[in-house]
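Since the structure comes first, as structure tokens, the remarks are kept for the end.
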Amino acid sequence: GGQILVKNIIPKHMDCITAKLLEMGAKVDERDDAIRVRSIGAHRAVNIKTQVYPGFPTDAQAPVMAALLRAKGVTVVEETVFADRYRHVPALRALGGNIQVSGAIAALTGVAELHGAQVEATDLRGGAAMVVAALSARGRSRIGNVRHILRGYEDFAQRLASLGAEIRMENETAQSRYGGWYYGLGRTGRPAQEGAV
């Protein structure tokens, strides 16, 4: 729910992603150096095929897959750029996602609700996908091995918190050899607050 304004970008470079957001049912408004995305209800399932630029980027596949876990219908994702790009799928299943994988194809059947779980980030984008899914789940989720997430996203938890997410980083070295956890505390019941990320 809600809306977000992403600043300091070249909207033309995002065409392949904004096209899918529109297909999912979001409202997208482009400006000179920004994009505003507004959620207007439940997402619709879409088909995604990763490709080299200017096609749909493989780096966006995992987070968009997480956003589609509760979409109405069946989403089919075909990964054509990297083998073994579905390492995040077991964690998304643990959160309640209904995903079947066969080779380069993943089929997601939307579910009414996700639930909290304890999972481990496997890579940068897969870890981000786990956070996206956890923040749309009911209950508390714990995402370990966050070194993957931290190496690629600056102020990740703080930026999500500025949008209304209940998320925090805690250092629990006794429980994680990597020295930290992200807690996704599920939906806040409030729509996202507009902010620049």
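The values are calculated or read from the model by the stated rules, or taken from the named source; none is laboratory data. Computed from a prediction, not measured in an experiment: that's the story for all the values here. Cβ placement follows ideal geometry from the backbone for every residue including glycine, while neighbour counts extend to all protein chains displayed. These area figures cover heavy atoms from the full protein model, side chains too; ligands, DNA and RNA do not enter into them. Shrake-Rupley method; radii C 1.70, N 1.55, O 1.52, S 1.80 Å.
Answer yes or no: is there a residue in region 16-34 that is open to solvent by less than 30 Å² (accessible area, probe 1.4 Å) and assigned to a loop (DSSP other than H, G, I, E, B).
yes
Go through Ile4, Ile48, Ile35, Ile40 for me and flag whichever is closer than 20 Å to Ser136 by Cβ and modelled with pLDDT of 95 or more.
Ile48
Would you check which residues across region 53-73 are in a loop (DSSP other than H, G, I, E, B), open to solvent by 20 Å² or more (accessible area, probe 1.4 Å) and over 19 Å from His148 (Cβ atoms) and list them?
Once the filter is applied, which keeps residues that are in a loop (DSSP other than H, G, I, E, B), open to solvent by 20 Å² or more (accessible area, probe 1.4 Å) and over 19 Å from His148 (Cβ atoms), region 53-73 yields Tyr53, Pro54, Arg70, Gly73.
Just need a number here: residues in region 146-190 that are modelled with pLDDT of 50 or more, open to solvent by less than 50 Å² (accessible area, probe 1.4 Å), among the hydrophobic types (A, V, I, L, M, F, W, C) and touching a Leu at 6+ places or on another chain (Cβ under 9 Å).
The number of residues fulfilling the criteria is 5.
Return the pair list, or none, for Cβ contacts closer than 6 Å from residues in region 95-118 that are more than 15 Å from Lys72 (Cβ to Cβ) to residues that are of a type in the set (Asp, Glu), at least 6 apart or on different chains.
Pairs found: Ala104/Glu78; Ala104/Glu79; Ile105/Glu78.
What pairs come up if the first residue lies in region 148-171 and is under 13 Å from Leu135 (Cβ atoms), the second is among the charged types (D, E, K, R) and exposed (fewer than 13 other Cβ atoms within 10 Å of the Cβ), and their beta carbons are under 8 Å apart, counting only those six or more places apart or on different chains?
Gly164/Arg190
Being more than 15 Å from the chain's Cα centre (by Cα) and of a type in the set (Gly, Ala, Ser) is the filter here, so list the residues in region 127-160 that pass it.
Once the filter is applied, which keeps residues that are more than 15 Å from the chain's Cα centre (by Cα) and of a type in the set (Gly, Ala, Ser), region 127-160 yields Gly139, Gly144.
Kindly state which strands (runs of 3 or more DSSP E) lie completely within region 74-139 and contain at least 2 residues that are touching a helix residue (DSSP H, G or I) at 6+ places or on another chain (Cβ under 8 Å) and farther than 20 Å from Leu150 by Cα.
Values: elements: 74-78, 98-102, 105-109, 118-120.
Filter on region 74-139 gives 74-78, 98-102, 105-109.
Looking at region 72-91, which of its residues are small (Gly, Ala, Ser) and modelled with pLDDT of 95 or more?
Taking region 72-91 and keeping what is small (Gly, Ala, Ser), we get 73, 83, 91.
If the condition is that a residue be small (Gly, Ala, Ser) and modelled with pLDDT of 95 or more, then Gly73, Ala91 are the ones that fit.
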